[in-house]
Every structure is written in structure tokens, then in C-alpha cells.
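A short write-up of the structure that comes next.
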Amino acid sequence: MGLFSTASEKHTEKLRRMYERHKQFRNMLKDHAQDILDSDNFNSTKRHLQHGSKTVHDHCMDVARYSLLLNKKLGLKCNKHDLIRGALLHDYFLYDWHDKAYLSQRGRLHGFRHPGVALRNAEKEYDLTDTQREIIRKHMWPLSVIPPACREAWVVTAADKYCSFMETVGLHKGHGEGFPERMTKEGS
Ligand SMILES: [Fe+2]
Ligand SMILES: [Fe+2]
């Protein structure tokens, strides 16, 4: 009996800590990027798949979360405002890169080109700092050849690679499960 109650207390405590972390993350997003979260274009990324069943929106939220986690765990003292905004906007290319129409027009160079497209789109809507620009421009390093020049860009690059890998192997699942059927139903 004692064993069961200890296990259940541990589980409850674990859930409480998870809930607290999630609440903290949502508050940080609200403080630093409410305008991005509310924007139509950012919300339109919920209709675009990234890897596996994750939408681009899910992916960018995860990259922001893991960037903050890395910053905290490694004591990197990054500028949180730039880190969060850069992470949310790093894949702001605003098209579906799995779309056959896109592929036939632009070939298969999405990996090389999308940081530039994302940066141009983000510049149109937001007042970016140099650090945010660097995050978006270099997040695909080593494809960008020139390495990131600030710690915030290194952190987002690392978080992006980790999230992309977990999505590709199916260990991070998202809201895009059954995506093609859902898109058809929504008529998107
Ligand atoms: Fe990207
Ligand atoms: Fe990404």
C-alpha cells in the first residue's frame, strides 16, 4: 500500500512540475512574443507540415522551448527576448515545403533557401534585432557555411537540430497526425 501511494505521489509531483514548467514557458512567450503568437501569418503555419506529424507551428514552439531549456541548463545567459523571438520566427517561410506545386517551381532546395525567405518575411512584419536576424539566417548551419556569430543563434541551431531529429524519427509527435485527411476536410 505504502509503495503504491509513494509511486502515485511521485507521479503527481512529476505532473505538477511539468505543469509549472509549461505555465512558465507560456508566460515567457506572452511577455516576449504575444504579437507573434497572435499574428495571422504565424497561425497560418498550423496548416503546414514540418517533419513527421509536427506542423511548422508546433515545431517553432518546440524550438523556442528547447532553446530556453538549453540556455538555462548550460547557464549561457542568452538574451531571452531575442532567443524566443528568433526561435519562433526561424522557419517563417510561410509555404508548405511538401507541396508538389512548390517543389515543381523551386526544386528541392528548401533546406538552403528557406532561412532567407523566413528572414525577408519576418523583416516585413517585425522590428528585428541583429541577433534575431542572425538566428534566422544561420539556423541551418552548416548549410549556411558561415557559422552563427552569437550564442543565441548557436542555441537555436542546436535546438532546431534536436527537434527536427526527434520529429523525423517519430519521437516528437504533433497536431498534424492524419494531416492530409484533415486538410482535405478543411478544404485547405
Ligand atoms: Fe529551418
Ligand atoms: Fe526549424
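Numbers below:
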| item | result |
| --- | --- |
| Extreme residue, nearest to ligand 2 (Cβ to nearest atom), among residues of region 139-171 that are in a loop (DSSP other than H, G, I, E, B) and closer than 20 Å to Gly52 by Cβ | His139 |
| Pairs with Cβ under 6 Å, 6+ apart, first in region 34-57 and on the phi > 0 side of the Ramachandran plot, second crowded, with 17+ Cβ neighbours inside 10 Å | Gly52/Glu167 |
| Options Leu94, Leu74; residue that is more than 13 Å from ligand 2 (Cβ to nearest atom), of a type outside the set (S, T, N, Q) and on the phi > 0 side of the Ramachandran plot | Leu94 |
| Some residue of region 121-128 being surrounded by 15 or more Cβ atoms within 10 Å (Cβ to Cβ), aromatic (Phe, Trp, Tyr) and either more than 14 Å from ligand 2 (Cβ to nearest atom) or modelled with pLDDT under 95 (or both) | yes |
| Positions within region 129-170 being hydrophobic (A, V, I, L, M, F, W, C) and either surrounded by fewer than 17 Cβ atoms within 10 Å (Cβ to Cβ) or without any contact (Cβ under 8 Å) to a residue 40 or more places away in the chain (or both), in sequence order | Met140, Trp141, Leu143, Val145, Ile146, Ala149, Cys150, Trp154, Phe165, Met166, Val169 |
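The values are calculated or read from the model by the stated rules, or taken from the named source; none is laboratory data. In this text, all values refer to a predicted model and were calculated from it rather than measured experimentally. Glycine also receives a Cβ, built like all others from the backbone with ideal geometry; neighbour counts cover every protein chain displayed.
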